[in-house]
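The values are calculated or read from the model by the stated rules, or taken from the named source; none is laboratory data. These numbers were taken from a predicted model, which means no experiment stands behind them. We place every Cβ from the backbone using ideal geometry, glycine too, and count neighbours over all the protein chains shown. Note: accessible area is taken over every heavy atom of the protein model, side chains too, but ligands, DNA and RNA are not part of it. Shrake-Rupley method; radii C 1.70, N 1.55, O 1.52, S 1.80 Å.
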Amino acid sequence: MVQIRIEETFTAPGNRLDTRLIPLAEELARYDNPHTVLDYLRQKAGGKLIRKMVTGELDCSHEAFDALPQTNSVTHLRNLLVLTEVLPARDEQLAQFQMDIRRLTNVSDNDDRLALVRYARWQLLPMAHRQIHQRGSLTTDTRTYLTNHLRVARQLCLHLRGHRSSLGTCLQPLVDRWVAAHRVRQGEVRRFLTWAAAHQLAPKHLAVSALANCEDRSIMSDRDRVVLAHRLETDESVTLPVRVSGCLVLQYGQHCTRLVALKADDVLDHPSDPAVCGLKVGRDPLWLRPRLSALVRRLVDDRRPIAATHLPNPYLFPGRRPGQPISASTLARRLAAHGIPAARLARNGAILAMVDNIHWKLVADLLGLADQTAYQWHHINGGDRASYVASRLKKHSASASPE
């Protein structure tokens, strides 16, 4: 029944099988639950899109899919087409950000449109490409961060036009009025106006105060953190992805956005100790404790994508969408359900414990932190740039036994 339905769906007018989509048809035929496939092809939006591609109403290309409303059905089918190599692979978040740019720069005034396009192309896109160069792909959080900057710039331009002014001629009271009504966006508008003034697109006398740095440095107590990490390492009733990700947060201060970007290829074998494996999260390999190493190897071998596809998922923590990882927010919620109410508190405690025992520069290289961030934690811990060498010399002279 399933095979008949698949053949009917993928047969073009004139009883001709659409050869371009054969890999997709073969993948659907391998699904374990035939009722899911039948329901998908008969009633779901994805099945209707497949039929449109077969009949020629919809071109089988990224450009055609970009022109559609970006619903879950469109995204799911696009991912399937990429996995089956019907469509070429691309950095999806970068492509979506470029679509955001086209949408947000579509304003009626030519001067505003030019300013927004230049801001996106010269300031925001280079930031996206910099992360792609460093991490291999653009994360969802970074795309949201950059899109918000462009959205705020657009809102300010529209606000100025609504008061018969413009970006190039606006006065301080108009800017102050907008900032007062959008206090949480003060940082984004300040960056835009600073950039615009530097490129002669806005008056240089405009000023928006910087937000005070109120970053929360609260930490999870070492006792609670170590006890919970030990429970996750040994409790077989907890799912393996939660155990591995929880330990990486509790012991090594990893952020959920970085964990979901990890791929199976980022797991490294130790050159001399078979009981130890590592992760490529920073400039240097992060070698894990033997018990956690065993869990990571099990996860690599046993991980199962939540999506129904049989095609391999390269990510260490697969998600619902074919070929994509679980979202960082979903992973954080699962960790919260298993005793890590705020991953930030666990991360802060782990990083503070590491800079107390390891030089801040080594911590930065191992955990993939910016040098300035690692040094700030070292400073919070009561250290300075010379304290590490002094402490090591003091410990060495105080004890003749190996450390």
(message) Solvent-accessible area of Y145, probe 1.4 Å, all protein chains present, reported in Å² to the nearest ten, please.
(response) 100
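Carbon and sulfur atoms: what percent of the 1.4 Å accessible area of the chain do they account for? Numbers along the way, then the final one.
Details: 11350 of 21460 Å².
Carbon and sulfur: 53 percent of the exposed surface of the chain.
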(message) Using just the Cα positions, wrap the range 1-157 in a convex hull and report its mean projected area in square nanometres, one decimal place.
(response) 11.3
(message) At 7 Å along Cα-to-Cβ for each site, give me the label-to-label distance between A264 and I132 in nm.
(response) 2.6
(request) Would you kindly find the accessible area of V244, with a 1.4 Å probe and non-protein molecules such as ligands, DNA and RNA excluded, rounding to the nearest 10 Å²? (result) 0
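Let me have the relative contact order for the chain, percent, based on Cα pairs under 8 Å that are six or more residues apart. Spell out each step's value before the answer.
Details: 458 pairs, mean separation 49.4, N = 403.
Over the chain, the number comes to 12 percent.
What does the extension gain come out to for R121 and H62, with contour length at 0.36 nm per residue minus their alpha carbon separation?
Numbers: separation 59, 0.36 × 59 = 21.24 nm, distance 2.14 nm.
Gain on stretching R121 to H62: 19.1 nm.
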(request) Rounded to whole Hz and in sequence order, give me ³J(HN,Hα) for the range 101-107 from the Karplus expression 6.51 cos²θ - 1.76 cosθ + 1.60, θ = phi - 60°, writing x for Gly and Pro. (result) 4, 4, 6, 7, 8, 7, 10
(request) Would you calculate a helix-derived [θ] at 222 nm for the chain, using -39,500 (n - 2.57) for each DSSP H run of n ≥ 4 and dividing by the full residue count, to the nearest 500? (result) -17000 deg cm²/dmol
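Taking R0 as 41 Å, what's the FRET efficiency between T169 and A95 from their Cβ-Cβ distance, rounded to 0.05?
Once the sixth-power term is evaluated, E becomes 0.70.
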(request) Alpha carbons only, please: Rg and Dmax for the chain, in angstrom. (result) 25.9, 88
(request) Kindly report the accessible area of the chain per residue (heavy atoms of protein chains, probe 1.4 Å, no ligands, DNA or RNA), in Å². (result) 53
(request) Express in Å², to the nearest 10, the accessible area of W287 obtained by rolling a 1.4 Å probe over the protein heavy atoms while all chains stay in place. (result) 90
(request) Give me the distance in nm between label points sitting 7 Å out from Cα along the Cα-to-Cβ direction at R102 and T144, one decimal. (result) 2.4
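Excluding P314 itself, what net charge comes from residues whose Cβ is under 11 Å from its Cβ, given Lys and Arg +1 and Asp and Glu -1? If you can, show how the numbers build up before the last one.
Details: positive: K263, R303; negative: D265, D266.
After counting each charged neighbour, the total is 0.
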(message) Taking amide H atoms as placed 1.01 Å from N in the peptide plane, list the residues 5 or more away in sequence, or in a different chain, whose amide H sits under 5 Å from that of L17.
(response) A12
(request) Please report, in Å, the Rg and the Dmax of the range 83-166, where both are computed over Cα atoms only. (result) 14.9, 53
